[in-house]
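Data block below; observations after.
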């Protein structure tokens with residue numbers, strides 16, 4: 001039988017603050033940009049008018065306003081061939 005531990009084990013994970021919608025995000029950036037990325041993340045997580053202003057500036061700079069998923073699928077559905085009755089089956093070729 002093993003001896004009991006002298007100290008209790010530390011918790012395996014830290015409790016998350018409740019009531020806040022925060023996500024943990026990992027990014028790769030140049031070492032020189034580390035303080036900038038951390039400061040930006042900190043400001044955005046604090047909320048308030050400063051955070052909203054920064055979000056607007058970053059969206060404008062990156063051109064991500066209104067970026068949504070499914071754009072290619074929506075474009076294909078709008079195409080003239082969307083309603084065409086095409087036979088897309090393939091022949092089963094065994095060699």
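The values are calculated or read from the model by the stated rules, or taken from the named source; none is laboratory data. Predicted, not measured: the structure shown is a model, and the values here were computed from it. In this analysis, Cβ positions are derived from the backbone assuming ideal geometry, glycine residues included, and neighbour counts consider all displayed protein chains.
Listed here are the residues, each with its yes/no results for (1) surrounded by 10 or more Cβ atoms within 10 Å (Cβ to Cβ); (2) out of contact with any helix residue (DSSP H, G or I) (no Cβ under 7 Å at 6 or more places or on another chain); (3) modelled with pLDDT under 80.
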{"position": "42", "(1), (2), (3)": "yes, yes, no"}
{"position": "47", "(1), (2), (3)": "yes, yes, no"}
{"position": "53", "(1), (2), (3)": "yes, yes, no"}
{"position": "56", "(1), (2), (3)": "yes, yes, no"}
{"position": "59", "(1), (2), (3)": "yes, yes, no"}
{"position": "89", "(1), (2), (3)": "no, yes, no"}
{"position": "94", "(1), (2), (3)": "no, yes, yes"}
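Residues in region 69-93 that are under 31 Å from the mean Cα position of the chain (by Cα) and outside any helix (DSSP H, G or I): 69, 70, 79.
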